[in-house]
């Protein structure tokens, strides 16, 4: 196996001379992006609220993380769904 067959390894990961950085196997991954973050938080809080092992007297909240500010932003609909 020659160096051309395996590519090179750099600080940023594997780099294949024909396919570029990373691994060609990455093309087979379903990245499961979330189209509506707020809706996803509400769905998650609803799922937790309905779980039989979560006591009904415990409030559940849902937040989104703002990458730019570093702050948590409460999702009001999730708070309603998770209320006691």
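Modelled label positions at residue 80 and residue 37, each set 7 Å beyond Cα in the direction of Cβ, lie 2.1 nm from each other. The value of relative contact order for segment 37-81, using C-alpha pairs under 8 Å at least six residues apart, is 43 percent. The distance between label points at residue 73 and residue 58 comes to 2.8 nm (points 7 Å beyond Cα on the Cα→Cβ vector).
FYI, it's all coordinate maths here, none of it is from the lab. Treat the numbers as computed from the prediction; the structure is a model and nothing was measured. All Cβ positions, even for glycine, are placed from backbone atoms using ideal geometry, and neighbour counts span all protein chains on display.
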